[in-house]
Amino acid sequence: MIDSTCYVLTLRWEGEVTVEQTDTHTFMLTTPDNTLSLEAAYSAQREPDATLSKFRFGPALHEIIRAWHKWWDDGGIVDFAACTDPRARELERRVVLSQYLTRINCANSFPPQETGLTYNSWFGRPHLEMTWWHALHFALWNHPEVIDNMLKWYDNTAYPIARQIALRQGFSGVRWMKMTDPRAGEAPSNTGSFLIWQQPHYIYLAEEAYRHNHDTATLKLHGEQVEQTAEFMADFIHLDTITHTFQLRGATSMQESMSKDFSYNHPFELAYWKYGLAVAQRWRERRGLQRNRQWDDIITHMSALPQKDGIYTAGEPTDTTRAMPAFDPFNTIGASAHVVTTKQLPDETFAEKSRSDHPAVLGACAIIPDEWKAYNADTMTHTLEWILQQWRWDTTWGWDYGMAAMAAARLQQPSVAIDILMSDHTKNRYLISGHNYQTADRLRVYLPGNGALLTAIAMMCAGWDGCGSANNPGFPADGTWNVRWENLHPMQ
């Protein structure tokens with residue numbers, strides 16, 4: 001039994017084994033037999049020795065096989081065998097392997113890091129803005145228990161700390177941290193500390209839990225956290241007294257090239273804020289409470305998505321004559337201090353940054369349910385066309401392709417959705433193992449890409465709320481994509 005401050009590792013084996021500690025963190029196990037059968041169990045606390053049964057490989061293997069059979073039988077499945085498009089077989093390979101990889105790496109009791117259990121990335125830190133990509137697809141593929149399990153970590157471990165973060169920064173409610181650890185500690189970051197798009201994730205995932213459970217117990221379990229998540233959102237947003245609109249300032253976009261230092265009113269965050277507050281209002285009504293008038297005012301007077309030349313833009317450039325005070329996430333200058341650090345970029349520099357990193361503007365279409373959409377379909381269609389032609393795809397990340405395909409599907413362009421999913425860009429490659437490849441030097445594994453692929457395929461098969469069709473609305477209806485599936489659920 002090996003104790004540490006983080007977890008307990010219990011080793012059990014079959015047969016004769018000798019254990020030798022070779023240094024502080026290394027143990028050598030040897031056996032005179034030809035085969036070493038070993039079980040390694042990780043847990044939060046030490047089990048009493050009396051409860052540890054003798055390990056037997058045969059029964060243990062049988063339990064694993066049973067568990068995997070149940071997982072596959074209960075979950076969704078997609079069959080591409082009747083498709084005639086030559087890309088279908090490769091897409092099916094990616095889908096099946098992504099189901100396996102996300103199951104073993106992401107279906108855990110707390111959010112995973114972006115490389116899961118395969119190896120460390122970003123110092124082993126889970127990133128909560130990635131939770132949507134890591135977790136949502138499980139609900140769509142008929143495994144809502146993964147969402148329920150992950151929300152327990154939010155409710156029991158992260159929630160008290162998120163309250164402290166908001167309080168320290170002078171805000172109401174709870175502010176969900178960006179970069180964290182299993183104990184919900186907050187890691188500082190010169191970029192991550194200014195991201196806000198992880199904030200409505202809790203509301204989205206709680207709503208997904210309610211869609212599956214549809215009971216008062218779910219409302220009781222997550223109602224307070226939904227309320228406090230929205231309280232922060234309402235307190236964080238800024239009322240511009242000149243335009244009489246609510247704006248999002250002092251934050252870096254999902255598209256991290258659009259920094260808080262020179263841009264604001266990023267389109268995805270505006271749309272996601274509107275969605276989060278609207279769903280939080282719905283939760284109040286379900287719990288028998290009155291609607292929050294302040295939230296309704298924000299929803300009604302939210303800034304429109306910024307646009308120029310007939311397309312939606314990545315954000316608005318900062319006007320230094322109306323710059324907001326700098327946000328100090330660690331309150332090092334005092335809650336009442338006003339320090340302006342915003343700057344204006346040359347138009348050509350701003351334009352170049354606007355077409356790199358994540359094409360976040362598509363998230364306002366891909367992720368946000370049609371009921372609360374904040375965009376014009378024609379304008380978003382022109383935006384998608386512009387992105388496909390002008391974007392610097394070498395700067396993207398794996399989940400951008402699933403997101404872009406989801407946007408194309410919602411915009412009734414299923415052929416474009418397929419083209420995006422199967423596009424030949426480096427960050428959209430899937431290794432023989434099924435892992436989404438990014439870079440050779442540090443990121444050969446990227447699970448948000450696998451999760452985005454599964455989310456996109458589920459919605460393209462089972463549809464989304466208000467899509468008008470529950471059978472393959474995201475696939476071309478020309479006879480080349482006769483996709484068959486079962487046990488999938490429509491997206492919000």
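As a rough guide to protection, the peptides 133-139, 197-203 ranked by mean Cβ packing within 10 Å, highest first, stand as 133-139, 197-203.
Dipole size of the stretch 81-486 about its Cα centre, with +1 on Lys/Arg Cβ and -1 on Asp/Glu Cβ: approximately 700 debye, rounded to the nearest 20. Relative to the longest principal axis of the chain, what angle (0 to 90°, nearest 10) does the C-alpha long axis of helix 57-74 take? Orientation of helix 57-74: about 30 degrees from the principal axis.
Can you compute the label reach from R183? Point 7 Å from Cα along the Cβ direction, backbone N cut-off under 18 Å, restricted to the stretch 147-170. Answer for this model: 153-165.
The modelled label-to-label distance between E145 and N190, using points 7 Å beyond Cα along the C-beta direction, is 4.6 nm. On full extension, the segment bounded by T245 and L38 gains 68.3 nm, given 0.36 nm per residue less the C-alpha separation. Ordering E227, E207 by the number of other Cβ atoms within 10 Å of each residue's own Cβ, fewest first, gives E227, E207. Rounded to 0.05, the FRET efficiency of the H238 and D215 pair, given R0 = 30 Å and the Cβ-Cβ distance, is 0.20. Remark: relative contact order (the chain) = 16 percent; criterion is Cα-Cα distance under 8 angstrom and separation of 6 or more residues.
Report the paramagnetic label zone for L289: residues of the stretch 155-196 whose backbone N is under 19 Å from a point 7 Å from Cα along the Cα-to-Cβ axis. Counting backbone N atoms under 19 Å from the label point, the list is 155-156, 159-164, 166-167, 171-176. Candidate cross-link partners of K427 among the lysines, defined by an alpha-carbon separation under 22 Å and a same-chain spacing of 8 or more, comprise K353. Dipole of the chain computed with +1 at Lys/Arg Cβ and -1 at Asp/Glu Cβ about the Cα centre; of P126, I64, M460, farthest Cα towards the positive end is P126. With the alpha-carbon atoms of the stretch 1-47 aligned to their principal axes, the span from lowest to highest coordinate is 34, 22, 11 Å, starting with the largest.
Annotation for Q389 and T426: the two label points, set 7 Å from Cα along the Cα-Cβ direction, are 2.6 nm apart. Axis angle, to the nearest 10 degrees, between helix 201-213 and the longest C-alpha principal axis of the chain: 60 degrees. Under 25 Å Cα-Cα from K70, which lysines qualify once same-chain neighbours fewer than 8 residues away are excluded? Straight-line reach from K70, under 25 Å: K152. Exposure proxy shown here: for D424, D155, the number of other Cβ atoms within 10 Å sets the order, fewest to most, as D424, D155. Counting only alpha carbon atoms, the long axis of helix 88-106 and the longest principal axis of the chain meet at about 70°.
Once the Cβ-Cβ distance of A377 and R442 is raised to the sixth power relative to R0 = 35 Å, the FRET efficiency obtained is 0.35. Judged by the mean number of other Cβ atoms found within 10 Å, the most tightly packed of the peptides 465-471, 98-104 leads the ranking 98-104, 465-471.
Note on T22 and Y7: the model spin-label points, each 7 Å out from Cα along the C-beta direction, lie 2.2 nm apart. Extension gain for T30-N487 works out to 160.0 nm (0.36 nm per residue, less the C-alpha to C-alpha distance).
When each of the peptides 272-282, 385-395 is scored by how many other beta carbons lie within 10 Å of its residues on average, the order from highest to lowest is 272-282, 385-395. Spatial offset of the stretch 28-44 relative to the stretch 344-368 amounts to 51 Å, using the alpha carbon center of each. Expressed as a whole percent, the proportion of Cα-Cα pairs in the chain lying more than 34 Å apart is 38%.
Secondary-structure-derived ellipticity at 222 nm for the chain, considering helices only, amounts to -12000 deg cm²/dmol, per-run term -39500 (n - 2.57) for DSSP H runs with n ≥ 4.
Read-outs throughout are calculated quantities, based only on the coordinates presented, and are distinct from any laboratory measurement. What you see is a predicted model; the values in this text were computed from it and never measured. In this analysis, Cβ positions are derived from the backbone assuming ideal geometry, glycine residues included, and neighbour counts consider all displayed protein chains.
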